[in-house]
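The values are calculated or read from the model by the stated rules, or taken from the named source; none is laboratory data. The model shown is predicted, which means the values in this text are computed figures rather than measured ones. Every residue, glycine among them, receives a Cβ derived from its backbone with ideal geometry; neighbour counts consider all protein chains shown.
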Amino acid sequence: MAPDKDVDGFHRKNRNAFLEGKEGILFPVFPAAIIKLIEEAIKESPNRPRKTVIVCHSPEFGEVMKKAVRKIGLEGEFVFCEELKKTSPNKYARIILKRADVVVTACGVPNLIDKKLVKRNAIIIDGGITRENSKVVGDVNIDSIQETDCIVSPVPGGVGPVTVAMLLRNVYLASKNQAKK
């Protein structure tokens, strides 16, 4: 697909332009939605966050998010979802996650993240969705996290609607750019 028609924004050229901070491009909508939510949560946070950990399946997505959080002044690193599963826990992944001021998840593993893995007052952006018992749930065990005074994006109703807004922005930009040709 041509980059100027890729309204999802994950074409290599669009990803690179997003990471370089170029305006008017069709940026990756899911990462852009997450960044927007982080920026809004920072306004509500009692502390100024510095360190972000992205929990994901794909190194490509992890790299995009790592660079994206750096663009808004946060440190970023990523760990793989598999490293946090109870069947094969990775001690290092758990330690760095516990130190994170901001946690971003995009795993699709229900209840992967609980209070033992996050620090108090962290910002948690839950981008994972799974259908479980005819309900849509995220990666975060909300009942467990409530005890930690964290700011948590809900599932459903958190990242999804903001992603749609970013997608509509890209549809508008693509239309505008096509009209100029």
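Go through the residues of segment 81-89 one by one and say whether even a single one is surrounded by 15 or more Cβ atoms within 10 Å (Cβ to Cβ), in contact (Cβ under 8 Å) with a residue 12 or more places away in the chain, under 15 Å from the mean Cα position of the chain (by Cα) and under 22 Å from K116 (Cα atoms). Yes - at least one qualifying residue is present in segment 81-89.
Only residues that are part of a loop (DSSP other than H, G, I, E, B) and either touching a Gly at 6+ places or on another chain (Cβ under 7 Å) or crowded, with 17+ Cβ neighbours inside 10 Å (or both): list them for segment 9-44, please.
G9, F10, H11, I25, L26, F27, P28
Of the residues screened, E83 is one that is at pLDDT below 95, acidic (D, E) and in contact with a strand residue (DSSP E or B) (Cβ under 9 Å, 6 or more places away or on another chain).
Contact map, segment 60-78: residues that are under 16 Å from I125 (Cα atoms) paired with residues that are surrounded by fewer than 16 Cβ atoms within 10 Å (Cβ to Cβ), Cβ distance under 6 Å, separation 6+ or inter-chain. Pairs shown: E75/R50; G76/R70. Examine segment 161-175 for a residue that is part of a loop (DSSP other than H, G, I, E, B), touching a residue at least 40 places away in the same chain (Cβ under 8 Å) and surrounded by 11 or more Cβ atoms within 10 Å (Cβ to Cβ), and state whether such a residue exists. No, segment 161-175 contains no residue that is part of a loop (DSSP other than H, G, I, E, B), touching a residue at least 40 places away in the same chain (Cβ under 8 Å) and surrounded by 11 or more Cβ atoms within 10 Å (Cβ to Cβ). Note on segment 45-61: among residues that are assigned to a strand (DSSP E or B) and of a type outside the set (S, T, N, Q), the one that is surrounded by the most Cβ atoms within 10 Å (Cβ to Cβ) is V55.
Taken over segment 123-142, the criterion of being more than 19 Å from L97 (Cβ to Cβ) and either free of Cβ contacts under 8 Å to residues at least 12 places away in the same chain or of a type in the set (S, T, N, Q) (or both) is satisfied by T130, R131, N133, S134, K135. Of the set (1) over 30 Å from V7 (Cβ atoms); (2) under 14 Å from the mean Cα position of the chain (by Cα); (3) hydrophobic (A, V, I, L, M, F, W, C), all apply to F78 but (1). Does segment 97-115 hold any residues that are of a type in the set (A, V, I, L, M) and assigned to a helix (DSSP H, G or I), and which are they? Once the filter is applied, which keeps residues that are of a type in the set (A, V, I, L, M) and assigned to a helix (DSSP H, G or I), segment 97-115 yields only L97.
Once segment 118-145 is narrowed to residues that are part of a strand (DSSP E or B) and within 12 Å of the chain's Cα centre (by Cα), the residue that is farthest from R48 (Cα to Cα) is D126.
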